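Notes follow once the structure below has been shown.
The values are calculated or read from the model by the stated rules, or taken from the named source; none is laboratory data. Just so you know, these numbers come straight off a predicted model, no measurement behind them. Ideal geometry is used to build each Cβ from the backbone, glycine not excepted, and the neighbour counts take in all protein chains shown. Quick note on the areas: whole protein, heavy atoms, side chains included, nothing else; ligands and nucleic acids left out. Shrake-Rupley method; radii C 1.70, N 1.55, O 1.52, S 1.80 Å.
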Amino acid sequence: MKITFCCTDTKAEPWLQGLQAAFPQAEIAVWQPGAPVADYAVVWAPPQQFLDEQQGIQALFNIGAGVDALLQRRLPPGARVVRLDDAGMAVQMAEYVCHAVIRHFREFDQYEASMRAGQWAYRKPRLRQDLPVGVMGLGVLGERVAKALAQFDFPVNGWSRSPKAVDGIRTFSGQDGFNDFLAASRVLVNLLPLTPETQDILNRDTLARLQPGGYLINVARGAHLVEDDLLALLDSGHLAGAQLDVFRTEPLPAGHPFWNHPRITLTPHTSARTLRDESIAQIAGKIAALQRGEAIAGIVDPARGY
Ligand code: NAP
Ligand code: GLV
């Protein structure tokens, strides 16, 4: 069995060691132009040349949950695309989003400002019933996030493409349910995959449908958000603030208006990182299952885009 590794911006050695430990008999190497076609590839943002040369490869294991960048390329016909499903990301995403919602709800920014000013200043407690949170996308990450928020007794709404029932979550689905979902939410968490249907979905029209004083948490992809529309709704006061982890251009360019906006908090695409050991274990388990002819979870449907 041959496994090739082609991941931009990723230190290869520990991945190769981990995969080799799982498959001592396999030939495992970093891809070089002109290398023979492998059985399986571990990839992140591979060059088109790699995909063009690997005609006949069985599966491409993407070392992230989102496959939007990979699906924009021309793929070897017949190659299955397999995403990471969870592999330690869901708990990180739940931490990140709960932190952002609670920080906003409990006004910890204002308490920090008071502390820095040497002021012992109470604020009137807010009611969590007034802060319904809407989670867009109820997949591997979205469902975990929605359930974690519900543990803190926030009213939680969830929106997905197909109808879903999740304990403790009020669910909506499809285009028909979208406006009702938005109208029922004051905080909006985006955990959709980036597809032609979801690009620019966070825009003036959709964000304006949130309850007044809305708060946006975008942890999916930068191209979901129309940036100028967010700025306009923050200026108008319809939105109270935003926590952003992903951007149309990454790294966020110097001088971008988000950097110094008083009501935007940002992080550098770090809400749920790929954890190497968990990911290697998951990929190795799936390769072993494929070798035995068994079905695996996490196969992407290129027509659907996720
Ligand atoms: P997933 O398991 O594929 O779930 C996607 C969810 O979105 C599903 O519930 C799906 O509905 C729903 N959906 C897709 N298209 C839709 C549409 N047009 N309308 C309504 N709902 C739609 O994805 P995941 O693992 O939860 O990850 C979500 C995204 O998070 C990834 O694609 C990636 O972009 C992002 N991400 C970001 C980071 C970070 O560090 N910032 C880390 C990991 C992932 P159905 O249930 O009906 O299919
Ligand atoms: C990170 O953004 C991922 O898709 O895993």
Every residue from the range 61-88 that is in contact with a Phe, Trp or Tyr (Cβ under 8 Å, 6 or more places away or on another chain) and among the β-branched types (Val, Ile, Thr): Ile63, Val67, Val82
Ala59 being more than 16 Å from ligand 1 (Cβ to nearest atom) and within 24 Å of the chain's Cα centre (by Cα): yes
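Could you count how many residues in the range 15-47 are within 24 Å of the chain's Cα centre (by Cα) and not in a loop (DSSP other than H, G, I, E, B)?
As a first pass, look at the range 15-47 and keep what is within 24 Å of the chain's Cα centre (by Cα): 15, 41-47.
With not in a loop (DSSP other than H, G, I, E, B) added as a condition, the list becomes 15, 41-44.
Qualifying residue count for the region: 5.
Select, from Tyr111, Tyr96, the only residue that is among the hydroxyl-bearing types (Ser, Thr, Tyr) and within 30 Å of Asp167 (Cβ to Cβ). Let's see the steps before the verdict.
Numbers: Tyr111 fails: within 30 Å of Asp167 (Cβ to Cβ).
None of the other options fit; the residue is Tyr96.
Can you name every residue in the range 48-69 that is assigned to a loop (DSSP other than H, G, I, E, B) and either within 16 Å of ligand 2 (Cβ to nearest atom) or aromatic (Phe, Trp, Tyr) (or both)?
Going residue by residue through the range 48-69, those that are assigned to a loop (DSSP other than H, G, I, E, B) are 54-58, 63-67.
Scanning the range 48-69 gives Ile63, Gly64, Ala65, Gly66, Val67.
What helices (runs of 4 or more DSSP H), lying completely within the range 157-246, carry at least 3 residues that are more than 22 Å from the chain's Cα centre (by Cα)? Quick ask: steps written out before the conclusion?
On the way: elements: 174-183, 204-208, 227-236.
Ranges flagged: 174-183, 227-236.
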Some residue of the range 115-136 being of a type in the set (Gly, Ala, Ser) and either within 20 Å of Arg221 (Cβ to Cβ) or outside the structural domain of Asp180 (by TED's automatic domain parsing) (or both): yes
Selection count, the range 247-306, where residues are within 30 Å of Gly174 (Cβ to Cβ), within 16 Å of ligand 1 (Cβ to nearest atom) and either open to solvent by 30 Å² or more (accessible area, probe 1.4 Å) or out of contact with any Asp or Glu (no Cβ under 7 Å at 6 or more places or on another chain) (or both): 14
Where a residue in the range 51-72 is open to solvent by less than 40 Å² (accessible area, probe 1.4 Å) and its partner, wherever it lies, is near ligand 1 (Cβ under 10 Å from one of its atoms) and in a helix (DSSP H, G or I), with Cβ under 7 Å and at least six apart: Ala65/Met89; Ala65/Val140; Ala65/Leu141
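For the range 86-108, which positions are within 16 Å of ligand 2 (Cβ to nearest atom) and either open to solvent by less than 40 Å² (accessible area, probe 1.4 Å) or part of a helix (DSSP H, G or I) (or both)? Spell out the reasoning first.
In the first step, residues of the range 86-108 are kept if they are within 16 Å of ligand 2 (Cβ to nearest atom); the result is 86-97.
If the condition is that a residue be within 16 Å of ligand 2 (Cβ to nearest atom) and either open to solvent by less than 40 Å² (accessible area, probe 1.4 Å) or part of a helix (DSSP H, G or I) (or both), then Ala87, Gly88, Met89, Ala90, Val91, Gln92, Met93, Ala94, Glu95, Tyr96, Val97 are the ones that fit.
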